[in-house]
Every structure is written in C-alpha cells, then in structure tokens.
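Working notes for the structure below.
The values are calculated or read from the model by the stated rules, or taken from the named source; none is laboratory data. All values reported here derive from a predicted model rather than from experimental measurement. Reconstructed Cβ throughout: ideal geometry from the backbone, glycine too, with neighbour counts over all protein chains shown.
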Amino acid sequence: MAKATRQAYGEKLGELVLENKRIVVLDADLANATKTNIAQKAAPDRFFDMGIAEADMIGHAAGFAASGFIPFASSFAMFCTGRAWEQIRNSVAYPHLNVKICGTHAGITVGEDGVSHQAIEDIALIRVIPGMEVYVPCDERETRAVLDHIVTTDKPTYVRLGRANVENVYESEDIDVTKANILRRGTKAAVFATGVCVQSAMEAAEKLSKEGIELTVVDICAIKPCDEEGILNVLKDHELIFTAEEHNIIGGLGGLIAEISTSKCPRRIVRIGIEDAFAESGSYIELMKKYELDGEGLYKKIKAAL
C-alpha cells in the first residue's frame with residue numbers, strides 16, 4: 001500500500017518515543033503535516049511545539065542533546081535546513097551533538113506549495129557541513145529502518161522525507177540503510193537513485209528490459225557517510241552511469257557519485273535531476289512528469305544516452 005515517507009516517519013517516531021525515554025520531539029508549528037503529532041499523542045510531556053521558528057528549534061534541540069536527550073527536530077525540509085543552516089552548523093555539527101533533524105515535504109513533490117517550499121538544495125546544504133550524516137529513504141519500510149538505525153547512533157543527522165504517497169520498494173524493514181543496495185542487476189548501464197526517484201528508476205528499468213536493455217538499479221539511502229566500497233563496485237562493473245534524484249543535480253547524489261568516480265574510477269556519468277533551476281507550482285504528478293523524473297522521464301533520458 002502506498003504511504004508517504006513523512007507518514008512512516010511519524011508512525012515510527014510514535015513507537016520510538018514510547019520505547020526510549022531519552023527521545024524528545026520538537027516541531028515548528030507543523031506537527032499535523034510532518035506527522036510528529038503521532039509522537040505528541042503518544043508522549044505529550046516530551047513534545048515541544050516551538051512555533052514558526054526553526055532556528056530557535058534547532059538551538060533548543062542542541063540544548064536537549066547536550067543534556068543527554070535524543071531530540072528529533074522536524075519541519076519542512078526547506079525551512080529546517082535553509083532557515084536554520086547556521087544553527088545546524090554551529091550549534092549541532094561543530095560540537096558533535098546528537099540531534100536528528102527530519103525534514104519533510106522535500107523536493108518538487110511538495111507540489112502546489114510552490115517554489116518557496118520546494119527544497120531542491122537541502123542535501124547539498126547539509127552534506128557540506130562537517131560531521132553531519134544524511135539519509136534519504138525511498139519508501140515506508142526504508143524510512144522505518146533509517147529511524148531504527150539513527151536512534152542507535154550519537155551522530156548529528158539529517159533525514160529527508162517526502163509529502164507524496166509512494167509505493168514500497170522493499171518487502172521488509174530488514175534493510176542495511178548504510179549500504180548501496182542493488183535492487184536490480186543488469187549489464188548495459190547502472191543508475192544510482194535516491195528517495196522517490198528509486199521508484200522511477202525501477203519503472204524505467206522495467207521498460208528498458210522489455211526492449212532487451214538490462215539496467216542495474218542501486219538505492220542510495222545513505223548519502224553521507226556513503227558506502228564508497230559498494231558504489232565503487234558498481235562503477236567498476238559498468239561503463240555508463242546515471243544518477244537520479246529529486247534535487248538539484250549540483251551537490252546532491254549526482255555530485256557524490258561524480259566525486260567518487262573522478263578520484264577512484266573514472267566513468268561517464270549522466271546526472272538526472274533538477275537542472276539548476278527553480279521548478280513551479282503544480283501537482284507532484286505533473287511536476288515529476290514535466291521535469292522528467294517519473295518512470296517515463298527516466299526511461300526516455302536513459303535510452304537517449306544509451
């Protein structure tokens with residue numbers, strides 16, 4: 001059944017807050033949208049609505065972490081990474097505090113809210129901060145697996161989540177989210193995908209398979225720290241590489257794969273994503289189609305490059 005990763009996040013957080021008394025939940029007046037209202041109902045004494053003040057929220061989260069708690073701080077991805085970037089850098093990453101920043105409504109699939117709410121720079125913004133970890137789950141089960149993983153670490157972390165319902169890629173939650181997980185093996189080329197573009201890549205691979213073109217599809221959930229060894233193994237086995245992400249092609253997954261390839265295994269890389277431009281308002285289905293990030297769009301771009 002299709003479920004948004006933000007919904008899976010809220011449900012899992014609601015379970016974790018009951019299991020672990022060290023967890024506190026902070027939100028920036030968006031609990032109904034980020035789905036942290038589920039945790040609020042489960043443990044109201046450890047939920048804090050900070051109002052429309054993301055920078056203040058991150059500062060409070062840092063204080064909680066310094067006091068031995070595990071704070072989960074949530075807002076729309078645009079605001080918890082953009083508006084609060086300085087606080088993340090100086091108050092969380094620099095002192096290495098155990099703050100989990102979870103940004104929902106990321107990318108163009110936030111849809112009708114328009115450019116002001118479409119975070120297409122957030123992976124790049126957080127990836128560049130020393131010590132920050134970045135995860136982009138693609139479906140409900142991987143989202144739950146990410147939370148199971150990060151709650152056991154003491155690392156400052158950013159988790160990127162979506163608004164729209166997405167079909168499950170994985171059959172269970174038994175996923176090592178730190179690895180480059182190969183979902184489909186082919187020989188002609190490989191595509192590294194993250195978030196909602198994993199489903200698009202699988203759809204494109206199915207279309208190409210019907211034409212006798214077998215594509216390797218790799219899910220990259222852990223953007224930082226990445227599974228460099230796993231990525232290199234895929235690079236070594238394929239001459240042509242694609243990356244697919246609902247993000248600017250600068251600084252995100254495409255940048256990551258290009259960096260590794262350039263230094264250790266040179267390959268021709270075609271980056272598919274938002275091509276350094278703002279999108280526009282519209283339904284997420286229309287936007288994914290227009291910017292050729294749906295299955296059909298990836299199919300056309302990959303076939304043209306092949």
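Is it the case that Glu280 is outside the structural domain of Met132 (by TED's automatic domain parsing), closer than 29 Å to Asp148 by Cα and of a type in the set (D, E, K, R)? Considered against the rule, which asks whether it is outside the structural domain of Met132 (by TED's automatic domain parsing), closer than 29 Å to Asp148 by Cα and of a type in the set (D, E, K, R), Glu280 comes out as no.
For the range 37-63, the set of residues classified as in a helix (DSSP H, G or I), hydrophobic (A, V, I, L, M, F, W, C) and over 13 Å from Ala84 (Cα atoms) consists of Ile38, Ala39, Ala42, listed by residue number. Taking every residue in the range 236-263 that is touching a residue at least 12 places away in the same chain (Cβ under 8 Å) and hydroxyl-bearing (Ser, Thr, Tyr) and pairing it with any residue that is part of a helix (DSSP H, G or I) and crowded, with 16+ Cβ neighbours inside 10 Å, at least 6 positions away or on another chain, the pairs with Cβ-Cβ distances below 6 Å are Thr243/Leu253; Thr243/Gly254; Thr243/Ile257; Ser261/Leu235. Looking only at the range 92-118, count how many residues are of a type in the set (Ser, Thr, Tyr), under 20 Å from Ala53 (Cα atoms), at pLDDT 95 or above and surrounded by fewer than 22 Cβ atoms within 10 Å (Cβ to Cβ). Total satisfying the criteria: 0.
I want to confirm something. Restricting to the range 160-191 and keeping residues that are in contact with a helix residue (DSSP H, G or I) (Cβ under 6 Å, 6 or more places away or on another chain), under 30 Å from Pro130 (Cα atoms) and β-branched (Val, Ile, Thr), which single residue is surrounded by the most Cβ atoms within 10 Å (Cβ to Cβ)? Only one residue tops the list, namely Val191.
Scanning the range 261-277 for residues that are crowded, with 17+ Cβ neighbours inside 10 Å and either outside the structural domain of Thr243 (by TED's automatic domain parsing) or among the small types (Gly, Ala, Ser) (or both) yields a count of 2.
Once the range 212-227 is narrowed to residues that are free of Cβ contacts under 8 Å to residues at least 40 places away in the same chain and of a type outside the set (A, V, I, L, M, F, W, C), the residue that is surrounded by the fewest Cβ atoms within 10 Å (Cβ to Cβ) is Gly212. Just to be sure before I move on: is Phe79 in a strand (DSSP E or B) and either assigned by TED's automatic domain parsing to the domain that holds Val128 or more than 26 Å from Gly195 (Cβ to Cβ) (or both) in the structure I sent? Considered against the rule, which asks whether it is in a strand (DSSP E or B) and either assigned by TED's automatic domain parsing to the domain that holds Val128 or more than 26 Å from Gly195 (Cβ to Cβ) (or both), Phe79 comes out as no.
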